[in-house]
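Quick notes on the structure that follows.
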Amino acid sequence: MSSPQGTEALEHLLASPFLEGFDPRDLAELARRATVVSFDQSEPVFTQGNPATCLYLLVAGTVELSVGGKGGPGLVVETVTHQGYPIGWSAMVEPYVYRATATAREPSRLVAIGREALEHQARANLGFGMTLMRAVVGIVGDRLRATRTRLIARRYDDVVVAIRDLLDQSGPRLSVASPLHRLPYYLEHRLTLADAFQTLDALGRHGDRVERELAGLCTDLLARARRELEFYQQLQAIYQSVAGAAPTAGPEQVRLQSTLALRRLFAGTSHRIEGWEHLPERPGHIFIMNHIGYHPDNVLPNNFVLTLDTHFVSSMVLFERYGEAPIRVVRKARPDEYGHQLFYDRLGYVYTYSGHVDAGDEDPHSSPEARRRFFLDVAGAHLERGRNLVICPEGAWTSTERSPLRFRPGAFRLAAHVRPEPLLVPVVVANFEKKLTTTTTAAVVHEPFRLSDFLPDPGDEPALLDFINHRVGPWFRDWVREAVALAGRAG
């Protein structure tokens with residue numbers, strides 16, 4: 001009659017993918033000699049270099065395998081989370097010494113099978129011994145393939161190359177009809193990445209043994225790609241929430257909804273914000289900032305780009321302080337940029353007009369002076385109502401390394417136009433053209449100033465241009481370098 005421990009152990013042995021194909025009678029004999037053991041978080045299961053006396057199968061929890069680490073933490077080579085996965089196969093291979101350290105990363109339970117029990121059953125049934133050695137060879141082969149794949153991915157920084165190589169290496173074992181063969185093609189395009197993860201998740205649960213093993217390894221390799229996909233899907237959702245907002249929703253409501261979604265997006269990124277003490281006590285001012293470009297992976301299917309630097313300042317700095325999303329000043333979309341126009345129209349932003357024939361300029365005032373006056377009146381009205389404005393005086397974006405470009409005078413003319421005179425609040429950003437899933441961004445608020453503090457007559461156009469080019473421009477160039485250094489100090 002089986003003991004409760006033996007009965008539980010047999011259930012886990014029968015459910016283990018590693019022991020598929022074994023005779024249930026052999027597993028029943030092993031279960032009589034096996035035990036179910038528990039480990040607390042951070043408790044070692046076994047230590048590298050110690051005699052390998054037991055083979056373990058994971059029942060529940062997480063076990064981390066690491067190598068090296070004498071006097072400190074070792075290099076993590078694998079994290080085991082799959083039920084029934086073998087740990088400590090060195091107990092079946094001479095010289096019977098553990099080649100890694102296994103540590104429970106959360107409260108975990110494992111089935112422990114002593115080497116003596118395995119050897120006893122192999123002597124009693126030669127068929128069991130042959131099946132056991134084939135399983136061991138399979139594990140060693142899987143580990144070698146996994147190591148080769150990780151080395152390829154690390155060397156070439158190309159997970160697709162590594163996965164193609166892995167599937168090529170596994171070709172003899174993998175069914176020709178397996179959906180895994182489509183994986184490299186799914187990974188080639190941003191819009192089919194979700195199909196790749198759906199395939200891996202499905203095979204991880206319902207595939208055959210080879211498919212489950214390969215799906216698990218591919219999922220580990222694609223951990224960063226999954227984070228990038230989730231980031232991209234958030235961008236898609238933010239755009240759609242604005243462009244597809246209910247017709248009855250006003251600009252303030254749409255701005256609030258998008259701002260909250262953007263805050264959730266940025267909360268999952270590494271960023272640094274400094275200069276909170278420079279923010280004016282009350283809103284109603286002009287925030288001038290350098291304009292950083294975008295990473296190509298963030299381009300939406302309709303070719304629209306959410307400029308993340310301005311959205312970051314709006315949602316994570318100004319909304320945080322004032323509880324209201326600011327008004328941005330943006331370029332009027334061209335006729336072929338329907339996605340841009342639809343997005344910005346719903347947010348109630350202020351447009352600037354380029355004056356080009358193909359710029360989609362629907363302003364009824366046709367002359368440059370009339371367009372300038374129209375902008376000053378519309379933007380000035382927002383300031384007079386106590387709303388913050390965000391303006392990128394460059395009028396174009398560039399890389400952090402080249403920032404800032406030459407500033408245009410529009411934001412400064414606006415400051416000279418409005419009464420009472422608003423503050424100009426410099427905000428400097430860095431690294432927003434890089435992948436936000438793998439970099440640290442920075443935003444720094446600098447001391448506000450009034451144009452009249454530097455120009456006796458802000459309406460003096462030559463003096464204004466000289467101030468912008470020879471005072472404000474150099475300030476921003478120095479500040480951008482400081483923001484880059486700040487981001488580099490993260491962590």
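The values are calculated or read from the model by the stated rules, or taken from the named source; none is laboratory data. Just so we're clear, the structure is a prediction, and the values are computed from it rather than from any experiment. As a convention, Cβ positions derive from the backbone with ideal geometry for all residues, glycine included, and neighbour counts pool all protein chains shown. For the accessible areas, the whole protein counts, side chains as well, though only heavy atoms, and no ligand, DNA or RNA atoms are used. Shrake-Rupley method; radii C 1.70, N 1.55, O 1.52, S 1.80 Å.
Data for the structure
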{"quantity": "Isotropically averaged projected area of the chain, using the convex hull of Cα atoms (one quarter of hull area), nm²", "calculated": "30.2"}
{"quantity": "Percent RCO, i.e. relative contact order, over the chain, from Cα pairs under 8 Å lying at least 6 residues apart", "calculated": "12"}
{"quantity": "Leu376 paired with Ala202, simple spin-label distance in nm, labels 7 Å along Cα-to-beta-carbon", "calculated": "6.3"}
{"quantity": "Degrees separating the helix 115-124 axis from the principal Cα axis of the chain, which is the longest one", "calculated": "50"}
{"quantity": "Interchain or long-range residues, amide H under 5 Å from Tyr98's placed H", "calculated": "Gly49, Asn50, Ala52"}
{"quantity": "Rounded to 10°, Cα long-axis angle of helix 126-156 versus longest principal axis of the chain", "calculated": "20"}
{"quantity": "Accessible-area value, Tyr353, 1.4 Å probe, nucleic acids and ligands omitted, Å²", "calculated": "50"}
{"quantity": "Modelled FRET efficiency - R0 51 Å, Val299 with Asp23, Cβ distances, 0.05 increments", "calculated": "0.35"}
{"quantity": "Peptide ranges 300-307, 18-25 listed from the most packed, as the mean C-beta count within 10 angstrom indicates", "calculated": "300-307, 18-25"}
{"quantity": "Heavy-atom accessible surface of the chain: percent carbon and sulfur, 1.4 Å", "calculated": "52"}
{"quantity": "Share, in percent, of DSSP beta bridges within the chain that are antiparallel, nearest 5", "calculated": "60"}
{"quantity": "On Cα atoms only, tilt of 223-243 relative to the major axis of the chain in degrees", "calculated": "40"}
{"quantity": "Helix-only mean residue ellipticity at 222 nm for the chain, each DSSP H run of n ≥ 4 adding -39500 (n - 2.57), per residue, nearest 500", "calculated": "-13500 deg cm²/dmol"}
{"quantity": "Arg209, Arg489, ranked by accessible area, largest first (probe 1.4 Å)", "calculated": "Arg489, Arg209"}
{"quantity": "For Tyr185, solvent-accessible area (1.4 Å; no DNA, RNA or ligand), Å²", "calculated": "150"}
{"quantity": "Whole-number accessible area per residue in Å² for the chain, which is evaluated in the context of all protein chains at 1.4 Å", "calculated": "49"}
{"quantity": "Derived scalar couplings ³J(HN,Hα) [segment 15-30; Karplus, 6.51 cos²θ - 1.76 cosθ + 1.60; whole Hz; x for Gly, Pro]", "calculated": "8, 6, x, 4, 9, 4, x, 7, 5, x, 5, 5, 5, 5, 5, 4"}
{"quantity": "³J(HN,Hα), Karplus 6.51/-1.76/1.60, whole Hz, each residue of segment 186-195, x for Gly, Pro", "calculated": "4, 7, 6, 9, 3, 6, 10, 4, 4, 5"}
